[in-house]
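S.K.: For reference, the structure I am asking about is given below.
Every number here is computed from the coordinates shown, using simple stated rules; none is lab data. Source: prediction; values computed, not measured. Neighbour counts run over all protein chains shown; Cβ positions are idealised from the backbone, glycine included.
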Amino acid sequence: MSLDVPAPLLERAERGEIDDADFVEVVRQSLPYAYEVVSRVAGELRSGSEEYADNLVAPPDEVARGQLLRAMASDAIRGGLERHFGVKLAFQNCHRVAAFPLSAVGGETYSTFIGTRAQLLNQSPELRNC
């Protein structure tokens, strides 16, 4: 299970009464490592002068890696985090999460990062099993 949803929130969701803030709080509580990585790269993007900010540090363990993979693989989780932080997320391999300004989507830097060439160049034998 990816998310630990409190019973009252689940009941509200069954009635159709759910908002992004509640959802993102469940993500933060359930997937703390993934939330921290996204929060950090989004903060680095806002405070820096680069076109994007990315995480190049491997997760400390398999639990953390699993959290990150679940967050990036779920359209709902990823989309909720993107809306919460006001960024577009891109993902390569097991840990390379990047935050882009929304205005970068479709641009050269974003397109290069998400392209097949970048994916191939970002491979290494130690990442093969992740």
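S.K.: Explain nothing, just compute: Karplus ³J(HN,Hα) = 6.51 cos²θ - 1.76 cosθ + 1.60, θ = phi - 60°, for every residue of the stretch 76-82 in order, whole Hz, x for Gly and Pro.
M.R.: For the stretch 76-82, the Karplus curve yields 5, 5, 4, x, x, 5, 4 Hz.
S.K.: Two-decimal Rg/Rh of the stretch 81-125 from alpha-carbon positions, Kirkwood Rh?
M.R.: Values: Rg = 11.2 Å, Rh = 11.2 Å.
Ratio of gyration radius to Kirkwood radius: 1.00.
S.K.: Considering the dipole of the chain built from charges on the beta carbon (Lys and Arg +1, Asp and Glu -1) around the Cα centre, which of Ser30, His84, Ala64 is farthest to its positive end?
M.R.: Farthest along the dipole direction, towards plus: Ala64.
S.K.: Could you please report the charge total around Pro8, scoring K, R as +1 and D, E as -1 over all other residues with beta-carbon less than 12 angstrom from its beta-carbon? Write out the running numbers ahead of the final one.
M.R.: On the way: positive: Arg12, Arg15; negative: Glu11, Glu14, Glu17, Asp22.
Net of charged neighbours comes to -2.
S.K.: Another question, if that's okay. How high is the relative contact order of the chain? Use alpha-carbon pairs under 8 Å, at least six apart in sequence, and give a whole percent. Walk me through the numbers before you get to the answer.
M.R.: Numbers: 142 pairs, mean separation 30.3, N = 130.
Rounded, it is 23 percent for the chain.
S.K.: Regarding the chain, what's the average projected area of the Cα-atom convex hull, expressed in nm²?
M.R.: Numbers: hull surface 34.6 nm².
Its average projected convex-hull area is 8.6 nm².
S.K.: In debye, nearest 20, what is the charge dipole magnitude of the stretch 11-130 about its Cα centre with +1 on Lys and Arg Cβ and -1 on Asp and Glu Cβ, if you could check?
M.R.: Numbers: 13 positive and 18 negative charges, 65 e Å.
So the magnitude is around 320 debye.
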